[in-house]
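What follows is a short report on a single structure.
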Amino acid sequence: MRVPQENPDVQEQDGTRSGNEEHCSPSGRAQEASETHQCRVIGTGACVPNLNRYLVYFVHRHLEYRLAEVEAQAAATGIADLPGGLTENLIWERPHGEILDSPFWYLHLPGDGAVQKLAQQIMLSKVFLEIWGEGDSWEEMCDSITSYPAHLKAPYATEDQSFRFVVELWGGTLQIPEQVAFINQLEGPTQFKGRIDLQHPQHKFWVIMVVAPELTNGLPKVPARYYFGREVAASDRSIIKRYELPSRRYLGPTSMEAEMAFIMCNQAKVSRGSLVFDPFVGTGSILVAAAHRGAYTFGADIDMRVIKLGKKDGGGSAVNVRTNFDDYGLPQPVGLLRADLHRLPLRPGLEEVLDAIVCDPPYGVRAGGRKTAARDYTPRNRDTHIPATDPYQLGECLRDLLDAAARLLRIGGRLVYFLPAIPGYYSPEEVPAHPALTLVANCEQVLSTRYSRRLITMEKTAGYDTSAAEAYHTASGPPSMAVDKLHEHVYAGRNDKGADGLA
């Protein structure tokens, strides 16, 4: 089983780190917090009967989002419908060394079919492996491969089976000759009799080496470990490149980046045929991601210019929300309205029509949110009329958002939105609630040393009851939040140079 050194299949690896990586959670224990996900987490090496054990190799980005995204897609792909529900059919096992920021988490699932469904959508994983061997050294890993049950190896080891190897050094690089040398040492432990196929192998096997626990380049200090496993499924992150913001003709200062837009849609369980609403649509970034997933999309924005006029691109052509869909060859939104949640122009009694509401509400740092003003007058010209607006505090905006979600989502539908989380202006107790909605996940994204935001995921678990909602709001008091004073905090004693990128 000799691999020629010019083998194009054995590529030089650059680890998992990119130049724009996410800061780690300040706590360093992001994944352990119960608010970030739903399912059980067990200790390393614990046995789980009736489920298969896999290694999930995550990309080192958005650390608190990783488990929640997998769980959301597990619910969306039917795992939650199996006997015992989601919590009995998806169980996490902590990484080796109990380093929760590690990219190597174990996952217990019913079988390969469940893994393959998950991997089709997940943004934050690289690959799911069936582990055949692992250890603290190369020799220990090879001994573990040798001891792996022969009857489980047999289907992949016969002469009629083709395969290839992928060799990665996490957090570092390996030159091609070094990779080839490692591959050649696997002939004895694996006992593969088939041929290597570099282009279209029937099976792919990974060797992942973690040998630099002293890393200081922004990666967590993960204990040395060697993993060998069969690829069950790999995630396709190429859509991030396809939809990246610099390639779009119509953008705004707060357009959602492609990766995060897809993560938000995954959290919302968006799939083919879903009806998805963004009440702060802006340039349509979130709805573009939803449309890629096959959803029907619907948006609103208080700014008539965003909805109707757009702007000129670099070549002088008129562009707007709809041209973004045309440029990607995506179905147009079923509707775009000049509207806001405070006076949403939908017919009375309309309920349970949406599968998901996914949005990024205005934080109010630069100019503050706006809502349609209550004015008693008749416009002279409806074609050119722009309604008057009033200030819209975030607390009031979020109360309207949750109430709209409680009315318009079907049972099981999800609301996903961002909440600013600046130290001194965020408290878990202040996360808005509603009697018809249940909090599913609350995941932090650190933007800088001073600012962060949290992706809130809620699921509708009860029908809308007007009297119950009114009683809840009355008991809760005025819809004010500490973050409503964020604008004054950010600009107090500062010049006009901006607010560190917050919208």
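Can you work out which of the residues in region 36-90 that are of a type in the set (Ser, Thr, Tyr) and either touching a residue at least 60 places away in the same chain (Cβ under 8 Å) or not assigned by the TED database to the domain that holds Tyr227 (or both) is surrounded by the fewest Cβ atoms within 10 Å (Cβ to Cβ)? Going through the qualifying residues, I end up with Thr44. Would you check which residues across region 309-324 are part of a strand (DSSP E or B), charged (D, E, K, R) and under 28 Å from Ile263 (Cβ atoms) and list them? Lys311 - this is the single residue of region 309-324 that is part of a strand (DSSP E or B), charged (D, E, K, R) and under 28 Å from Ile263 (Cβ atoms). Kindly evaluate Gly282 against the criterion of being surrounded by 23 or more Cβ atoms within 10 Å (Cβ to Cβ) and at positive phi. Criteria met by Gly282.
The rows are residues; the columns are (1) open to solvent by less than 20 Å² (accessible area, probe 1.4 Å); (2) more than 23 Å from Ala388 (Cβ to Cβ); (3) in contact (Cβ under 8 Å) with a residue 40 or more places away in the chain.
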site	(1), (2), (3)
Val288	yes, yes, yes
Arg293	no, yes, yes
Tyr296	no, yes, no
Val306	no, no, yes
Leu309	no, no, no
Lys312	no, yes, no
Gly316	no, yes, no
Phe325	yes, yes, yes
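Listed here are the strands (runs of 3 or more DSSP E) enclosed by region 325-437 that have at least 3 residues being outside the structural domain of Met304 (by the TED database), under 26 Å from Gln267 (Cα atoms) and at pLDDT below 90, and there are none. Checked against the criterion of being open to solvent by 10 Å² or more (accessible area, probe 1.4 Å), more than 19 Å from Pro189 (Cα to Cα) and in the same structural domain as Ala46 (by the TED database), region 125-144 contains one or more residues that satisfy it. When we screen Val270, Val232 for residues that are part of a loop (DSSP other than H, G, I, E, B), at pLDDT 95 or above and either of a type in the set (D, E, K, R) or open to solvent by less than 20 Å² (accessible area, probe 1.4 Å) (or both), the only hit is Val270.
Residues in region 404-448 that are out of contact with any Pro (no Cβ under 8 Å at 6 or more places or on another chain), in contact (Cβ under 8 Å) with a residue 24 or more places away in the chain and among the hydroxyl-bearing types (Ser, Thr, Tyr): Tyr425, Ser427, Ser448.
Tally the residues that are assigned to a helix (DSSP H, G or I) and buried (at least 20 other Cβ atoms within 10 Å of the Cβ), restricting the search to region 91-114. Looking only at that region, the number is 2.
Each residue in region 149-182 was checked for being open to solvent by less than 40 Å² (accessible area, probe 1.4 Å), more than 18 Å from Val127 (Cβ to Cβ) and assigned to a helix (DSSP H, G or I), and 3 of them qualify. The residues of region 235-258 that are open to solvent by 10 Å² or more (accessible area, probe 1.4 Å), closer than 28 Å to Leu341 by Cβ and assigned to a helix (DSSP H, G or I) amount to a single one, Leu245.
Search region 115-124 for residues being in a loop (DSSP other than H, G, I, E, B) and either in the same structural domain as Ala289 (by the TED database) or polar (S, T, N, Q) (or both), and hand back the single one that is surrounded by the fewest Cβ atoms within 10 Å (Cβ to Cβ).
Gln120
Quick check on my filter: what residues within region 183-199 are over 30 Å from Asp101 (Cα atoms), outside any loop (DSSP other than H, G, I, E, B) and open to solvent by less than 40 Å² (accessible area, probe 1.4 Å)?
Those that are over 30 Å from Asp101 (Cα atoms), outside any loop (DSSP other than H, G, I, E, B) and open to solvent by less than 40 Å² (accessible area, probe 1.4 Å): Asn184, Pro189, Thr190.
The values are calculated or read from the model by the stated rules, or taken from the named source; none is laboratory data. Small disclaimer: the values here were computed from a predicted structure and weren't measured. Note that we place each Cβ from the backbone using ideal geometry, even for glycine, and neighbour counts take in every protein chain shown. Just so you know, the surface numbers come from the protein's heavy atoms only, side chains and all, with ligands and any DNA or RNA stripped out. Shrake-Rupley method; radii C 1.70, N 1.55, O 1.52, S 1.80 Å.
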